[in-house]
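Asks: Starting off with a structure, shown below.
The values are calculated or read from the model by the stated rules, or taken from the named source; none is laboratory data. Predicted model only: the values in this text are computed from it and were never measured. Glycine gets a Cβ as well: all are built from the backbone with ideal geometry, and neighbour counts include every protein chain shown. Accessible surface is based on the protein model in full, side chains and every heavy atom, while ligands, DNA and RNA are left aside. Shrake-Rupley method; radii C 1.70, N 1.55, O 1.52, S 1.80 Å.
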Amino acid sequence: MKTNQEYKNAALAALRGNWAPAVVATIVYLVIALAFSGGQSGIQMLLPSTPAALGTVFGAGLILSFFVLYPMEIGYANSTRVLYENGDNKLTANIFNLGFKNYLHNVWGFFLMMIFVLLWTLLLFIPGIIMAFAYAMTPYILVDNPEMKAIDAIRKSRSMM
């Protein structure tokens, strides 16, 4: 088994000469994520503060998160993995290619994972944290095994972790 120092050295070696694409990809991901969350706050300020209006804005933000930010999160995580494993430094393109390829499969798998973490958190806070770690490999499994059912990817992540 590798030590932390060996993983750190391997990650730094993968980033050698690729810092600019990594920083640009991170900025692109963060700007899009903040645009959705910040845009939601801006809309709330423009609308009257009625419960129905706030519920509509919250619902729209939640839907956008499912259909845009979840695939982007999967793509971002896997683009950094591809850089580490294959040296492919097209991180920004890979965010969209890997996250939106098999789109419904990725969205469904990430949605189920988030529901399970939420349910464990409702049970007690500490089991929710533990299960968030247990399900952490799900985005990678979803991309690596597009033929695998989403629930099986979650189970595989849990058994791996």
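Asks: Could you look through region 98-110, keep only residues that are touching a helix residue (DSSP H, G or I) at 6+ places or on another chain (Cβ under 6 Å) and over 23 Å from Leu83 (Cβ atoms), and pick out the one that is most open to solvent (accessible area, probe 1.4 Å)?
Replies: Trp108
Asks: Tally the residues that are in contact (Cβ under 8 Å) with a residue 24 or more places away in the chain and open to solvent by 60 Å² or more (accessible area, probe 1.4 Å), restricting the search to region 123-137.
Replies: Number satisfying all stated conditions: 1.
Asks: Among the residues of region 1-21, which ones are open to solvent by less than 70 Å² (accessible area, probe 1.4 Å) and in a helix (DSSP H, G or I)?
Replies: Within region 1-21, Ala10, Ala11, Ala13, Ala14, Leu15, Ala20, Pro21 qualify.
Asks: Then there is this: Condition (residue is under 19 Å from Ala25 (Cβ atoms), open to solvent by 50 Å² or more (accessible area, probe 1.4 Å), out of contact with any His (no Cβ under 9 Å at 6 or more places or on another chain) and in a helix (DSSP H, G or I)) applied to region 115-122: is it met by at least one residue?
Replies: The answer is no, given that none of the residues of region 115-122 is under 19 Å from Ala25 (Cβ atoms), open to solvent by 50 Å² or more (accessible area, probe 1.4 Å), out of contact with any His (no Cβ under 9 Å at 6 or more places or on another chain) and in a helix (DSSP H, G or I).
Asks: Here's something else I'd like to know. Looking only at region 113-123, decide whether some residue is within 16 Å of Pro71 (Cα to Cα), among the aromatic types (Phe, Trp, Tyr) and touching a Phe, Trp or Tyr at 6+ places or on another chain (Cβ under 8 Å).
Replies: No, the conditions are met nowhere in region 113-123.
Asks: Among the residues of region 138-156, what is the count of those that are closer than 14 Å to Met113 by Cα, without any contact (Cβ under 8 Å) to a residue 40 or more places away in the chain and within 15 Å of the chain's Cα centre (by Cα)?
Replies: Of the residues in region 138-156, 2 are closer than 14 Å to Met113 by Cα, without any contact (Cβ under 8 Å) to a residue 40 or more places away in the chain and within 15 Å of the chain's Cα centre (by Cα).
Asks: Of the conditions (1) farther than 22 Å from Asp88 by Cβ; (2) at pLDDT 90 or above; (3) not β-branched (Val, Ile, Thr), Ala33 satisfies every one except a single condition; which number is it?
Replies: Tallying (1) farther than 22 Å from Asp88 by Cβ; (2) at pLDDT 90 or above; (3) not β-branched (Val, Ile, Thr), Ala33 fails exactly one: (2).
Asks: Among the residues of region 123-161, which ones are not in a helix (DSSP H, G or I) and not aliphatic (A, V, I, L, M)?
Replies: Residues satisfying the conditions are Tyr135, Asn145, Pro146, Glu147, Lys149.
Asks: Could you check, for region 142-154, whether at least one of its residues is crowded, with 18+ Cβ neighbours inside 10 Å, closer than 28 Å to Leu12 by Cα and not acidic (Asp, Glu)?
Replies: yes
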